[in-house]
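Presented below is the structure to which this report refers.
The values are calculated or read from the model by the stated rules, or taken from the named source; none is laboratory data. Note that the structure is predicted; figures quoted are calculated from it, not measured. Every residue, glycine as well, gets a Cβ built from its backbone with ideal geometry; the counts of neighbours run over all protein chains shown.
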Ligand SMILES: NC(=O)c1ccc[n+]([C@@H]2O[C@H](COP(=O)([O-])OP(=O)(O)OC[C@H]3O[C@@H](n4cnc5c(N)ncnc54)[C@H](OP(=O)(O)O)[C@@H]3O)[C@@H](O)[C@H]2O)c1
């Protein structure tokens, strides 16, 4: 298949490129394809004529989205509309990503693909708008994959490094660390996610709509941090704190673990998060 991949320098994009063995992937960098530029974006899709566009790019620094809301809306919603328009016109699939932050976390158990979203902050609102615009613009071509808590070898530079790498850096300069224990999430290794995305697009039963692709299981950021330090043999005083989902005045969902039910019916399941974090630490450290 001919694929146009957007976001090749990111955690997920770089793992999709690394794990691809079958497809002809054209992966421009941001200088060649900037999603802020509608005309350049559709020109490149027209030129490449892909069967599938995979858009892993996003404006996903949650705090920055509150300040730079116009740019967040531009990338997370309007650029998705641009891609959906051109994919519909060309009969290509659009595979684009969204987030657990479309939910408010009040369900207090893992969210299913068809649970009702209700985001708590600008970031989640722009992601939900992106989901709606993808499915309303190209109802038969658009696939939205929600995922959660990504970490990958390339590191997540837009957030100043991913959660795992930040905790390892913290441990080098602190003897005592406080981590919030109230938010329950599905931390997900982009190695596993990238393989699942490739399996999904290769599956002849793939249908448009929303999918949840995350490592199995759920944990708090505190539990996740504890596992990281245990696996690495790092001895540190780790304290669980309840911040009630608040971060610099921004509300975050208390329970945003995602349940994969739709892709699971197609035989696509990611390993458990405890297995994933061991492999990541072994690979990177
Ligand atoms: N990270 C998480 O915890 C998390 C959680 C839930 C959902 N997700 C979603 O999963 C997807 C993949 O996340 P990730 O962690 O792999 O992201 P990432 O590491 O931050 O990578 C983002 C990629 O998008 C590119 N990009 C950003 N703005 C762009 C623009 N205007 N035009 C073209 N390219 C642009 C970046 O290019 P540069 O290298 O040039 O900046 C980078 O290649 C995203 O949709 C993300 O929101 C992530």
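Note on the range 112-137: residues that are in contact with a strand residue (DSSP E or B) (Cβ under 6 Å, 6 or more places away or on another chain), away from the ligand (no atom under 14 Å from the Cβ) and closer than 18 Å to residue 6 by Cβ amount to 0. Screening residue 261 with (1) without any contact (Cβ under 8 Å) to a residue 60 or more places away in the chain; (2) surrounded by fewer than 15 Cβ atoms within 10 Å (Cβ to Cβ); (3) closer than 17 Å to residue 196 by Cβ gives one miss only, at (1).
Taking (1) surrounded by 20 or more Cβ atoms within 10 Å (Cβ to Cβ); (2) more than 15 Å from residue 36 (Cα to Cα); (3) in contact with a strand residue (DSSP E or B) (Cβ under 8 Å, 6 or more places away or on another chain) in turn, residue 84 satisfies each apart from (2).
Counted as qualifying within the range 1-86 are the strands (runs of 3 or more DSSP E) with 1 or more residues that are closer than 22 Å to residue 101 by Cβ, at pLDDT 95 or above and near the ligand (Cβ under 8 Å from one of its atoms), namely 2-6, 52-55. Tell me yes or no: at least one residue of the range 90-111 is away from the ligand (no atom under 15 Å from the Cβ) and under 16 Å from residue 132 (Cβ atoms). No: zero hits.
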